[in-house]
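Student: I am attaching a structure below and will ask some questions about it afterwards.
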Amino acid sequence: MAGLVLVAGLALPMLAPQPAHAVPPGTYAYVADFSGDSVSVVRTSDNTVVDTIPVGNGPRAVAVTPDGAFVYVVNQLGDSVSVIRTSDDTVVDTVPVGDSPRGIAVTPDGAFAYVTNINDGTVSVIRTSDNTVVDTVTLTLGSGPLGVAVTPDGAFVYVTNFSNGTVSVIRISDNTVVDTVTVGTDPFGVAVTPDGAFVYVVNQIDDTVSVIRTSDNTVVGTVAVGDRPRDVAVTPDGAFAYVTNADDDSVSVIRTSDNTLVGTVAVGDNPFGVAVTPDGAFVYVTNVDDDSVSVIRTSDNTLVDTVAVGDSPAAVAIAVVREPAPVLRLLKLTTGGKFEKGRTGSYRLTVSNTGNEATDGSTVTLTDTLPADLTPVSLGGTGWSCTLTPLSCTRSDILAPGASYPPVTLTVKIAKNAPNHVTNIATVSGGGTTGTSTATSTTTIHDRNKGKDKDRPKPPRDDRPGPRHT
């Protein structure tokens, strides 16, 4: 196959300054041009390329934050991730990651981005609030992690391991691998259905798609598709999965209700990446060897347009750019040491403005809903007015774009009989925003007494002889 190759990472390139310009509201396809070291921006209303953004070396994958505010671009040959602000299509950050990064997915709350690094068998975890790598998940050496997808509830990450025919399941609460699922040969792309019930895994050598049931991580179906499938995307209603087939220049359409192949659409030369518009009306497919993007109308699976883009387009993601407005994002993290039964633990909640306008001075309200096994002890932060009943904080000072309020610290008492994992939900709203940001935190609770009895020294044995019987 011509086009994409695996090579060792290179030094980060110097990027020329980009003139800032306001991007009109609308829906845009962001296309990673692998050999062009750029991202082509396609306006979906008329399929016109409206911008070309220089990024790192060998852009290979792309993902959009749920609020549409940022696009994360994996630079395979530069071992980095470029962060594009969609309000003006400017690269605002570059994050070093592992060796030969290949895939990326953002959590539903927008708090983290997971990046697969194929050459060192790891997954880098980027905290999006400050674009810092905060964790590295090590998989089996030589496994070749490639595709990555996150469940809609933000609980698990599914990673395809290209070299050993498996899928690793990472629990997000502690970034631990909790399961490994055997699929087909050379698994490539991966997607989760919107209800979180199933994961679709493309097996490149087998020309199949494996269907994993997430409730027990069991393969419950295998669907034959085209020649050398690469990537997969599921429609927003969960009804269909679209699979790119690199060697027969087509896209297979799978009906997910019965995992039946219901259509095949001819596209460009060497189709690779695939994405569906948020309204489910169109599918965008990158064609590596003819430098184009094919546009499929989903109502009748007809090719309706072909858009010329940059050199060797490898991936695509769709972003909805909204009217200038403040966008509040909430990040909730545990602080300090372990959460242990019968003791106290703390959370840190940080509110950031990821929009392109300042808040309007109206009240910003942060609330937290704790599970029954956690009892609030204290809640507060500089400039916040907080109460324990209800568990909430407010403030009204203006927050500029890109800035964050001082963090709020929530200290809780943990019940002695608390379960091993607890989940609580925090929200923030107000300040002129049109929506509510939700942060869900699943915390592992440790039992500090577990195992103590077995380690306790035994009393000395009484070796004195008993009475003699005559």
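The values are calculated or read from the model by the stated rules, or taken from the named source; none is laboratory data. Bear in mind the structure is a predicted one, so any value in this text is a computation, not a measurement. Note that we place each Cβ from the backbone using ideal geometry, even for glycine, and neighbour counts take in every protein chain shown. Protein only, heavy atoms only, side chains kept; ligands, DNA and RNA dropped before computing areas. Shrake-Rupley method; radii C 1.70, N 1.55, O 1.52, S 1.80 Å.
Student: Taking the residues in the range 176-189 that are assigned to a loop (DSSP other than H, G, I, E, B) and either open to solvent by less than 30 Å² (accessible area, probe 1.4 Å) or touching a His at 6+ places or on another chain (Cβ under 6 Å) (or both) as candidates, determine which candidate is farthest from V220 (Cα to Cα). Talk me through it step by step, then tell me what you get.
Tutor: Step one: of the range 176-189, the residues assigned to a loop (DSSP other than H, G, I, E, B) are 183-186.
Of the ones still in play, those that are also either open to solvent by less than 30 Å² (accessible area, probe 1.4 Å) or touching a His at 6+ places or on another chain (Cβ under 6 Å) (or both) are 183-184.
Numbers: V183: 11, G184: 13 Å.
Among residues in the range 176-189 that are assigned to a loop (DSSP other than H, G, I, E, B) and either open to solvent by less than 30 Å² (accessible area, probe 1.4 Å) or touching a His at 6+ places or on another chain (Cβ under 6 Å) (or both), the one farthest from V220 (Cα to Cα) is G184.
Student: Select from the range 373-388 the residues that are more than 28 Å from N417 (Cα to Cα), among the small types (G, A, S) and either part of a strand (DSSP E or B) or more than 30 Å from the chain's Cα centre (by Cα) (or both) and list them in ascending order.
Tutor: The answer is G383, S385.
Student: Looking for something under 21 Å from the mean Cα position of the chain (by Cα), hydroxyl-bearing (S, T, Y) and surrounded by fewer than 24 Cβ atoms within 10 Å (Cβ to Cβ) - is there at least one such residue anywhere in the range 191-207?
Tutor: The answer is yes; a qualifying residue exists.
Student: Still on this structure: So in the range 291-308, with the set limited to residues that are among the aliphatic types (A, V, I, L, M) and open to solvent by 30 Å² or more (accessible area, probe 1.4 Å), which one is nearest to T86 (Cα to Cα)?
Tutor: Applying the first criterion (among the aliphatic types (A, V, I, L, M)) to the range 291-308 yields 293, 295-296, 303-304, 307-308.
If we keep only those that are open to solvent by 30 Å² or more (accessible area, probe 1.4 Å) as well, we get 303-304, 308.
Working: L303: 28, V304: 26, A308: 21 Å.
Filtering first and then ranking leaves A308.
Student: Let me ask something additional. Would you confirm whether any residue within the range 319-342 is more than 25 Å from the chain's Cα centre (by Cα) and buried (at least 22 other Cβ atoms within 10 Å of the Cβ)?
Tutor: Within the range 319-342 (the criterion being more than 25 Å from the chain's Cα centre (by Cα) and buried (at least 22 other Cβ atoms within 10 Å of the Cβ)), the answer is no, since none of the residues qualifies.
Student: For the range 326-336, check the following and say yes or no: at least one residue is over 30 Å from V74 (Cβ atoms) and not in a strand (DSSP E or B).
Tutor: Yes, some residue in the range 326-336 is over 30 Å from V74 (Cβ atoms) and not in a strand (DSSP E or B).
Student: Still on this structure, please answer the following. Quick check: anything in the range 177-189 of a type outside the set (S, T, Y) and closer than 23 Å to F282 by Cα? Working first, answer last.
Tutor: Quick first cut of the range 177-189, residues of a type outside the set (S, T, Y) only: 177-179, 181, 183-184, 186-189.
Subsequent filtering for residues that are closer than 23 Å to F282 by Cα retains 188-189.
Yes, because at least one residue in the range 177-189 is of a type outside the set (S, T, Y) and closer than 23 Å to F282 by Cα.
Student: Scan the range 163-171 and tell me whether some residue there is among the hydrophobic types (A, V, I, L, M, F, W, C) and open to solvent by 30 Å² or more (accessible area, probe 1.4 Å).
Tutor: The answer is no; no qualifying residue exists.
Residue by residue, here is whether (1) touching a strand residue (DSSP E or B) at 6+ places or on another chain (Cβ under 8 Å); (2) at negative phi; (3) surrounded by 20 or more Cβ atoms within 10 Å (Cβ to Cβ); (4) hydroxyl-bearing (S, T, Y) holds:
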| residue | (1), (2), (3), (4) |
| --- | --- |
| S385 | yes, yes, no, yes |
| T423 | yes, yes, no, yes |
| T427 | yes, yes, no, yes |
| G430 | yes, no, no, no |
| T433 | yes, yes, yes, yes |
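Student: Let me spell it out: the conditions are (1) of a type outside the set (G, A, S); (2) open to solvent by 60 Å² or more (accessible area, probe 1.4 Å); (3) at pLDDT 95 or above, and P145 meets all of them except one. Which number is the exception?
Tutor: Of the numbered conditions (1) of a type outside the set (G, A, S); (2) open to solvent by 60 Å² or more (accessible area, probe 1.4 Å); (3) at pLDDT 95 or above, the odd one out for P145 is (2).
Student: Looking at the range 56-70, I want the residues that are under 20 Å from G147 (Cβ atoms) and in contact (Cβ under 8 Å) with a residue 60 or more places away in the chain and have a partner that is among the charged types (D, E, K, R) and assigned to a loop (DSSP other than H, G, I, E, B) with Cβ atoms under 9 Å, at least 6 apart or on another chain. Which pairs are those?
Tutor: P59/D37
Student: Right, here's the next one. Kindly list, by first and then second residue, each pair from a residue in the range 118-142 that is closer than 28 Å to L349 by Cα and open to solvent by 20 Å² or more (accessible area, probe 1.4 Å) to a residue that is among the hydroxyl-bearing types (S, T, Y) and part of a strand (DSSP E or B), limited to pairs with Cβ atoms under 6 Å and residues at least 6 apart or on different chains.
Tutor: Hits for this filter: S129/S352; V133/S124; T136/T122; T136/S124; T138/T122.
Student: If I ask for residues that are among the aliphatic types (A, V, I, L, M) and surrounded by 15 or more Cβ atoms within 10 Å (Cβ to Cβ), which ones from the range 343-380 would you list? Before you say what the answer is, go through the steps one by one.
Tutor: Our first condition is that a residue be among the aliphatic types (A, V, I, L, M); within the range 343-380, this holds for 349, 351, 358, 364, 366, 370, 372, 374, 377, 379.
Listed by number, the residues that qualify are L349, V351, A358, V364, L366, L370, L374, L379.
Residue by residue, here is whether (1) open to solvent by less than 20 Å² (accessible area, probe 1.4 Å); (2) of a type in the set (D, E, K, R); (3) part of a loop (DSSP other than H, G, I, E, B); (4) at pLDDT 95 or above holds:
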{"position": "A11", "(1), (2), (3), (4)": "no, no, yes, no"}
{"position": "P17", "(1), (2), (3), (4)": "no, no, yes, no"}
{"position": "A20", "(1), (2), (3), (4)": "no, no, yes, no"}
{"position": "T27", "(1), (2), (3), (4)": "no, no, no, yes"}
{"position": "S35", "(1), (2), (3), (4)": "no, no, yes, yes"}
{"position": "V50", "(1), (2), (3), (4)": "no, no, no, yes"}
{"position": "G68", "(1), (2), (3), (4)": "yes, no, yes, no"}
{"position": "V73", "(1), (2), (3), (4)": "yes, no, no, yes"}
{"position": "S82", "(1), (2), (3), (4)": "yes, no, no, yes"}
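Student: From P101, P59, P54, which residue is of a type outside the set (S, T, Y) and surrounded by fewer than 24 Cβ atoms within 10 Å (Cβ to Cβ)? Before the answer, list the steps.
Tutor: Numbers: P101 fails: surrounded by fewer than 24 Cβ atoms within 10 Å (Cβ to Cβ); P59 fails: surrounded by fewer than 24 Cβ atoms within 10 Å (Cβ to Cβ).
It is P54.
Student: Moving on. All but one of (1) closer than 25 Å to R230 by Cβ; (2) open to solvent by less than 10 Å² (accessible area, probe 1.4 Å) hold for D89; which doesn't?
Tutor: (1)
Student: Let me ask something else. Being open to solvent by 20 Å² or more (accessible area, probe 1.4 Å) and touching a Ser or Thr at 6+ places or on another chain (Cβ under 6 Å) is the filter here, so list the residues in the range 393-408 that pass it. Can you show your working first?
Tutor: Just the residues of the range 393-408 that are open to solvent by 20 Å² or more (accessible area, probe 1.4 Å), to begin with: 394-398, 400-404, 406-407.
Of everything in the range 393-408, those that are open to solvent by 20 Å² or more (accessible area, probe 1.4 Å) and touching a Ser or Thr at 6+ places or on another chain (Cβ under 6 Å) turn out to be T394, S396, I398, S404, P406, P407.
Student: What do you reckon, is R102 at pLDDT 95 or above and basic (K, R)? Step through it out loud before you land on a result.
Tutor: On the way: at pLDDT 95 or above: yes; basic (K, R): yes.
So R102 passes the test.
Student: Is there any pair linking a residue in the range 89-107 that is free of Cβ contacts under 8 Å to residues at least 12 places away in the same chain and of a type in the set (S, T, Y) to one that is open to solvent by 20 Å² or more (accessible area, probe 1.4 Å) and assigned to a loop (DSSP other than H, G, I, E, B), with Cβ under 9 Å and at least six apart or on different chains, and which?
Tutor: Cβ pairs passing all conditions: none.
Student: Quickly run through the range 329-362 and pick out the residues that are over 20 Å from T427 (Cβ atoms) and of a type in the set (A, V, I, L, M, F, W, C).
Tutor: F339, A358
Student: State all residues of the range 210-262 that are free of Cβ contacts under 8 Å to residues at least 60 places away in the same chain, of a type in the set (S, T, N, Q) and either in contact with a Lys or Arg (Cβ under 6 Å, 6 or more places away or on another chain) or part of a loop (DSSP other than H, G, I, E, B) (or both); if no residue qualifies, say none.
Tutor: Selection gives S215, N217, T244, S257, N259.
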